[in-house]
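For reference, the structure discussed in these notes is given below.
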């Protein structure tokens, strides 16, 4: 009886990071809209007197229940802290500045916004007649300093490098298809090493991703590796 191991590796998926300036130019989000996938990270750089709150198309300038809010500018250490949130859905996300009349005056933006009847232009138009309101407190994200963001970036980069290395090793091992020595019930040394490296990479990648998600951090790097074994 011979034992064979098949190493399967999933592609390394790197999250994108987007920065949106909030009020650097008067009453604008820049860029106004972005397209993002699940796992991407958005950093809102708040400028003086501005904030950002998630709303809905049907109720412009009103906070969405369960949505994100940066809190007031006064909580950002004069703009030194950025508001960071992770994208958890590909559904359209509308947001606005909840300060005074900023939203009715056109300070709105969005993520994955469609064209047509629910475009960002249509949202801005509907907002003109709205009465703006702000959520009670920070939610759906976290305020981070540049130093904290740099640390999270370094962690994400290291995880990505380890994942790519492990993926390459696993692919090489799977392609070689080296069988175990006759009469042996164990995989060859190279297959064992590849499997061990894969397991280590999986644990490292999962731990790093969980830490970033828990902290509403700067990015997510996900890699999946599996070992399928069978007896012939």
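The values are calculated or read from the model by the stated rules, or taken from the named source; none is laboratory data. Bear in mind the structure is a predicted one, so any value in this text is a computation, not a measurement. Glycine gets a Cβ as well: all are built from the backbone with ideal geometry, and neighbour counts include every protein chain shown.
For the subset of region 131-152 comprising residues that are over 17 Å from the mean Cα position of the chain (by Cα) and surrounded by fewer than 16 Cβ atoms within 10 Å (Cβ to Cβ), which member is farthest from residue 42 (Cα to Cα)? Steps first, please.
Taking region 131-152 first, the residues over 17 Å from the mean Cα position of the chain (by Cα) are 131-138, 145-147.
Add one more test, that the residue is surrounded by fewer than 16 Cβ atoms within 10 Å (Cβ to Cβ), and what stays is 131, 133, 136-137, 145-147.
Values: 131: 27, 133: 23, 136: 22, 137: 19, 145: 14, 146: 14, 147: 17 Å.
Restricting to residues being over 17 Å from the mean Cα position of the chain (by Cα) and surrounded by fewer than 16 Cβ atoms within 10 Å (Cβ to Cβ), the top hit is 131.
Here is a list: 25, 74. Which entry is in a loop (DSSP other than H, G, I, E, B) and either at pLDDT 95 or above or out of contact with any helix residue (DSSP H, G or I) (no Cβ under 9 Å at 6 or more places or on another chain) (or both)? Full working, then the answer.
Values: 74 fails: in a loop (DSSP other than H, G, I, E, B).
On inspection, the qualifying residue turns out to be 25.
So that you can scan it fast, the table gives a plain yes or no per residue for (1) in the same structural domain as residue 127 (by TED's automatic domain parsing); (2) assigned to a loop (DSSP other than H, G, I, E, B); (3) surrounded by fewer than 23 Cβ atoms within 10 Å (Cβ to Cβ):
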{"position": "44", "(1), (2), (3)": "yes, no, no"}
{"position": "51", "(1), (2), (3)": "yes, yes, no"}
{"position": "59", "(1), (2), (3)": "yes, yes, yes"}
{"position": "67", "(1), (2), (3)": "yes, yes, yes"}
{"position": "79", "(1), (2), (3)": "yes, yes, yes"}
{"position": "82", "(1), (2), (3)": "yes, no, no"}
{"position": "90", "(1), (2), (3)": "yes, yes, yes"}
{"position": "99", "(1), (2), (3)": "yes, yes, yes"}
{"position": "104", "(1), (2), (3)": "yes, yes, yes"}
